[in-house]
């Protein structure tokens, strides 16, 4: 089964060609809309200190970083490693996070998210906001030292300052437009911060970006467990932070939670409108950003029933891609379509809940996504 998926043919098709195309073939629909991103990748090999940023947002399938971690590794092996990218202390907010970055914290912290406390707080790209009280501390340690070390850190920290606790390293920092920019004279695998704000100011930490001095790809990813596209619209400043990150490609991977309901309650038109709103907010901020939608994977409802809403959702996502002129990767069809989650589970690629995947299953999806993108790049843009 694994060898079967890894041997899938790759090509690009148009919207009209999709109806007559074979199932299971790995393709990017409307890949020509990704031209700006592909042109940026070409320039990495000819321009010194060139960094191409990708931002991948989604739900629980993205939060654990298995899928996106694989895509990041493959991009950076081919084009260069510009750093780990966006990280957030998910443990602090009672959730799980990537295994390659370890957080610890002292003192008192509050938090809010697109699912909790969003009415009175700004929410950033990560879908969460951490709020330290005075003198609270936060430490970050990257575990994959050889590939994830950093000497440039950007803290998205509105209404307050999260400053590094200086040790023997020469570390400088400055505050610019609600960001703290930090630089060390050598590559680090860990750093500690302390909140220095006064008690009458409530800061908001939206995320921390770890970079180095190398050219290459910076692949940011953030997911919120259980999130829907409509909930992500509560992130009031995500489109501004995409610009701050100089994102050249945004990948949108919602849908599972949007359609995880009884058929009588599912509103495909509502989900379509939510996706269009996310895309339009991104385009209003920066019309040059390439955008890729991914469909949800096949899954069961309550572990007993094949989810009849998936194909309805996929249909409207194709409509969104065509109407908004963005690209689409059909993971649902690539993995085999209806009931394919059962085959993945038999091969130890999907979990028993018939919704989520094992680490190996997510990494296979990441490999397929990367290869689908690279097929078009290598045929039309690679020099």
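The values are calculated or read from the model by the stated rules, or taken from the named source; none is laboratory data. Here the structure is a predicted model, which means the values were calculated and not measured. Positions of Cβ are generated from backbone atoms using ideal geometry, with glycine treated the same way; all protein chains shown enter the neighbour counts.
In table form, for the structure just shown:
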quantity	calculated
Members of the stretch 158-172 found to be more than 12 Å from residue 194 (Cβ to Cβ) and at pLDDT 80 or above, listed by number	171, 172
Strands (runs of 3 or more DSSP E) completely within the stretch 66-172 that count 3 or more residues being in contact with a strand residue (DSSP E or B) (Cβ under 7 Å, 6 or more places away or on another chain) and surrounded by fewer than 18 Cβ atoms within 10 Å (Cβ to Cβ)	101-106, 137-142
Residue match in the stretch 329-346 (condition: in contact (Cβ under 8 Å) with a residue 60 or more places away in the chain, buried (at least 19 other Cβ atoms within 10 Å of the Cβ), assigned by TED's automatic domain parsing to the domain that holds residue 270 and under 18 Å from the mean Cα position of the chain (by Cα))	yes
Index of the failed condition, residue 70 passing every other in (1) outside the structural domain of residue 219 (by TED's automatic domain parsing); (2) in contact (Cβ under 8 Å) with a residue 60 or more places away in the chain; (3) under 24 Å from the mean Cα position of the chain (by Cα)	(1)
Any hit, the stretch 47-60, residues being in contact with a strand residue (DSSP E or B) (Cβ under 7 Å, 6 or more places away or on another chain) and surrounded by fewer than 17 Cβ atoms within 10 Å (Cβ to Cβ)	no
Scan of the stretch 362-380 for residues that are more than 12 Å from residue 334 (Cβ to Cβ) and over 17 Å from the mean Cα position of the chain (by Cα), ordered by number	374, 375, 376, 377, 378, 379, 380
Within the stretch 290-305, considering residues that are part of a loop (DSSP other than H, G, I, E, B) and touching a helix residue (DSSP H, G or I) at 6+ places or on another chain (Cβ under 6 Å), the one farthest from residue 37 (Cα to Cα)	299
In the stretch 213-236, the residues that are touching a strand residue (DSSP E or B) at 6+ places or on another chain (Cβ under 9 Å) and surrounded by fewer than 20 Cβ atoms within 10 Å (Cβ to Cβ)	213, 214, 215, 234
Condition met for residue 261 (in a loop (DSSP other than H, G, I, E, B) and surrounded by fewer than 23 Cβ atoms within 10 Å (Cβ to Cβ))	yes
